[in-house]
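First the structure, in the form of structure tokens, and then the observations on it.
The values are calculated or read from the model by the stated rules, or taken from the named source; none is laboratory data. As the structure is a computational prediction, the values presented were derived from the model and not from experiment. Cβ placement follows ideal geometry from the backbone for every residue including glycine, while neighbour counts extend to all protein chains displayed.
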Ligand code: SF4
Ligand code: MSK
């Protein structure tokens, strides 16, 4: 019998002292109310934000205030700390070059390329871990995971040229995994999934010299260019950013999405609940936060183990309640109907319910401050990835080969923490909201009767004017959820279908837009279509790697019409983005031909040349560009205008 995995404490236990809390606490009711209203548009979050201010529990908004005023050189992208001759800042008229001679254009372009490469690496490395698990299954070394969608395994294997007829399931898994791993360091100079894009879009990439050659290769190439003394031309530096982002969208992210479907099931519409009200007073509550479904899916399995449910009853709980957060929450929501406690800015607030026995995380978008928040309660923060060790947390190294055993040990630790809860501090004053999620490309095709033709016909007739992918995060520069929800409402009102991922999708869920009844908020055309199909006007398509589903959908529509993606009446938006991953997503949307509006200004304003290339010049290269518009209603105007221009060009 193998020993039960034991956690290690990373660093020392963190205790936020009462003095710190007293310093932060705000008892002026008028000020508390003013700040609460300024911080969020998420009604269900407001009582928790109020609580944090009264009790002096530090949140992202407090830290944002403490960081003001921001450095104007960093905000404009014209500071550089890339080498030991610096740091350097561009301060005209006298300091117009760094020590090495780099000007504002180059410093801004290098910084942006660095961000794109970081985001692409994060998504693609997540994809690699999923594919390695498939390889482990194929090699017979991983037994805790199984192939759930066998048809999809065979379909994707065929797409990758695997002769599946003579192979058993494990052999197909192995062959496909090996071919996918080859995409990371390939010598064939092309990524398989780019073959899904319409031929004319691929031709644009060829002509521009931005067809992605290999996932790791483009990231390494990017890192090489930002080394001092390599890239010196801002335009070619930015073009390589597009190439790197394409290796994410049509490479690492697409593989993460497709193989997650193979392993855990391809999503189809299902009902669930969202917001902090999904935490249950009478249960052991475990929140799953991060991105990779390998961890969260195994915790789901371990929580259902009779030994664990019996243990939960033994400690006085009615059962074990799992709640998702951020993108791993999106993965669970759309595949398993596991309720979701909220998006990025709900992560600290989830702890303030006082009823969370554990928050289990893997990587990406996890505030390093969580152990500080948790120290105000009994909550354990449990980390699992060697890439994301957080001081003050309990760490279990999570490996596919021993996944179930580790997941069970994590669940046990959470259950055993239930008696440490202080019932007087449990605070769950909100009711959850219903959502319908799980609109994978396959589910949409099936809902439309087996082909996208009916959707194309509705767009061609003008009943639906077009479609917009709304993606991305929360950012304290924007009132929490306000950008997402205002933009989504305004677009559906104008008969524009919204497809959403990540924290944008959860924001819409909390605001009630992921329910079929939200069709009443849509314009008459979109409302009619939604009512006849029984679907919401805002479709939840998954997590942030699942933006690859949006690319796939765009490719399906382009191929059906025999036009490149840039000619479709579609657009992208990231109203509250913060992450480097979002920079990569925005870049691969634009590089794929999708006009994309950002709600937060990237750090580029220090170079008018870079601003001009990204907002105008790229149209001459990839037939699409970025726009930046913080006001979501004005962003809706820009998007609607773009969609009408595309319609006119198509003659519809
Ligand atoms: Fe300064 Fe150039 Fe070094 Fe950047 S790379 S820190 S601009 S010397
Ligand atoms: S979790 S990348 S805050 S969408 Fe994917 Fe949300 Fe953005 Fe993280």
Enumeration of residues in the range 435-456 that are surrounded by 16 or more Cβ atoms within 10 Å (Cβ to Cβ) and closer than 18 Å to residue 565 by Cα: 441, 452, 455, 456
Single residue of the range 591-627 satisfying the filter (surrounded by fewer than 18 Cβ atoms within 10 Å (Cβ to Cβ) and touching a strand residue (DSSP E or B) at 6+ places or on another chain (Cβ under 6 Å)) that is farthest from residue 108 (Cα to Cα): 615
The one condition in (1) crowded, with 18+ Cβ neighbours inside 10 Å; (2) under 25 Å from residue 472 (Cβ atoms); (3) within 16 Å of ligand 1 (Cβ to nearest atom) that residue 61 fails to fulfil: (3)
Sole residue being in contact (Cβ under 8 Å) with a residue 12 or more places away in the chain, outside any helix (DSSP H, G or I) and outside the structural domain of residue 509 (by TED's automatic domain parsing), chosen from 281, 243: 281
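Yes or no, residue by residue, for (1) in contact with a helix residue (DSSP H, G or I) (Cβ under 6 Å, 6 or more places away or on another chain); (2) under 21 Å from residue 545 (Cα atoms):
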residue: 388; (1), (2): no, yes
residue: 396; (1), (2): yes, no
residue: 400; (1), (2): yes, yes
residue: 423; (1), (2): no, no
residue: 446; (1), (2): no, no
residue: 458; (1), (2): yes, no
residue: 470; (1), (2): yes, yes
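Would you be able to say whether some residue in the range 364-379 is closer than 27 Å to residue 148 by Cα and either out of contact with any strand residue (DSSP E or B) (no Cβ under 6 Å at 6 or more places or on another chain) or surrounded by fewer than 24 Cβ atoms within 10 Å (Cβ to Cβ) (or both)?
Yes, there is a match, as at least one residue in the range 364-379 is closer than 27 Å to residue 148 by Cα and either out of contact with any strand residue (DSSP E or B) (no Cβ under 6 Å at 6 or more places or on another chain) or surrounded by fewer than 24 Cβ atoms within 10 Å (Cβ to Cβ) (or both).
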Residue ranges of helices (runs of 4 or more DSSP H) in the range 110-213 with at least 1 members over 30 Å from residue 561 (Cβ atoms): 150-159, 169-182
Checking residue 246 against (1) touching a strand residue (DSSP E or B) at 6+ places or on another chain (Cβ under 6 Å); (2) crowded, with 23+ Cβ neighbours inside 10 Å, the condition it does not meet: (1)
Any hit, the range 523-530, residues being more than 16 Å from ligand 1 (Cβ to nearest atom) and on the phi > 0 side of the Ramachandran plot: no
Test for residue 552: is it under 17 Å from the mean Cα position of the chain (by Cα), more than 16 Å from ligand 2 (Cβ to nearest atom) and part of a helix (DSSP H, G or I): yes
Selection status of residue 372, away from ligand 2 (no atom under 14 Å from the Cβ), free of Cβ contacts under 8 Å to residues at least 24 places away in the same chain and farther than 15 Å from residue 288 by Cβ: no
Among (1) in contact (Cβ under 8 Å) with a residue 12 or more places away in the chain; (2) in a helix (DSSP H, G or I), the one test that residue 313 misses: (1)
First in the range 538-550 and under 25 Å from residue 519 (Cβ atoms) and assigned by TED's automatic domain parsing to the domain that holds residue 568, second anywhere and within 12 Å of ligand 2 (Cβ to nearest atom) and part of a loop (DSSP other than H, G, I, E, B), Cβ under 6 Å, 6 or more apart: 547/471
Breaking point among (1) closer than 29 Å to residue 587 by Cβ; (2) touching a strand residue (DSSP E or B) at 6+ places or on another chain (Cβ under 7 Å), for residue 262: (2)
Meets criteria (within 24 Å of residue 303 (Cβ to Cβ) and either surrounded by 19 or more Cβ atoms within 10 Å (Cβ to Cβ) or assigned by TED's automatic domain parsing to the domain that holds residue 557 (or both)) for residue 402: no
For residue 235: the one exception among (1) assigned to a helix (DSSP H, G or I); (2) buried (at least 21 other Cβ atoms within 10 Å of the Cβ); (3) more than 16 Å from ligand 2 (Cβ to nearest atom): (2)
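Confirm whether residue 337 is out of contact with any helix residue (DSSP H, G or I) (no Cβ under 9 Å at 6 or more places or on another chain) and over 24 Å from residue 386 (Cβ atoms).
Yes: the conditions hold for residue 337.
Can you work out which of the residues in the range 467-484 that are part of a loop (DSSP other than H, G, I, E, B) and touching a strand residue (DSSP E or B) at 6+ places or on another chain (Cβ under 7 Å) is farthest from ligand 2 (Cβ to nearest atom)?
479
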Among residues of the range 490-509, those that are over 19 Å from residue 550 (Cα atoms) and touching a helix residue (DSSP H, G or I) at 6+ places or on another chain (Cβ under 6 Å), counted: 2
The lone exception for residue 53 - which of (1) closer than 22 Å to residue 588 by Cα; (2) free of Cβ contacts under 8 Å to residues at least 60 places away in the same chain it fails: (1)
From the options 342, 324, residue that is within 11 Å of ligand 2 (Cβ to nearest atom), over 18 Å from residue 581 (Cα atoms), free of Cβ contacts under 8 Å to residues at least 60 places away in the same chain and crowded, with 24+ Cβ neighbours inside 10 Å: 324
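Does residue 257 satisfy the criteria of being outside the structural domain of residue 561 (by TED's automatic domain parsing), in contact with a strand residue (DSSP E or B) (Cβ under 8 Å, 6 or more places away or on another chain) and either under 28 Å from residue 558 (Cα atoms) or in a helix (DSSP H, G or I) (or both)?
yes
Only one of 244, 237, 257 is farther than 27 Å from residue 152 by Cβ and under 19 Å from the mean Cα position of the chain (by Cα); which?
Details: 237 fails: under 19 Å from the mean Cα position of the chain (by Cα); 257 fails: farther than 27 Å from residue 152 by Cβ.
Going through 244, 237, 257 in turn, just one is farther than 27 Å from residue 152 by Cβ and under 19 Å from the mean Cα position of the chain (by Cα): 244.
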Residues located in the range 75-88, provided they are surrounded by 13 or more Cβ atoms within 10 Å (Cβ to Cβ) and either free of Cβ contacts under 8 Å to residues at least 40 places away in the same chain or within 11 Å of ligand 1 (Cβ to nearest atom) (or both): 78, 79, 80, 82, 83, 86, 87, 88
Enumeration of residues in the range 89-105 that are near ligand 1 (Cβ under 8 Å from one of its atoms) and either in contact with a helix residue (DSSP H, G or I) (Cβ under 9 Å, 6 or more places away or on another chain) or assigned to a helix (DSSP H, G or I) (or both): 97, 98, 102
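Residue by residue, here is whether (1) assigned to a helix (DSSP H, G or I); (2) over 24 Å from residue 642 (Cα atoms); (3) within 17 Å of the chain's Cα centre (by Cα) holds:
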residue: 491; (1), (2), (3): yes, no, no
residue: 498; (1), (2), (3): no, no, yes
residue: 505; (1), (2), (3): yes, no, yes
residue: 509; (1), (2), (3): yes, yes, yes
residue: 512; (1), (2), (3): no, yes, no
residue: 517; (1), (2), (3): yes, yes, no
residue: 520; (1), (2), (3): yes, yes, no
residue: 525; (1), (2), (3): yes, no, no
residue: 528; (1), (2), (3): yes, no, no
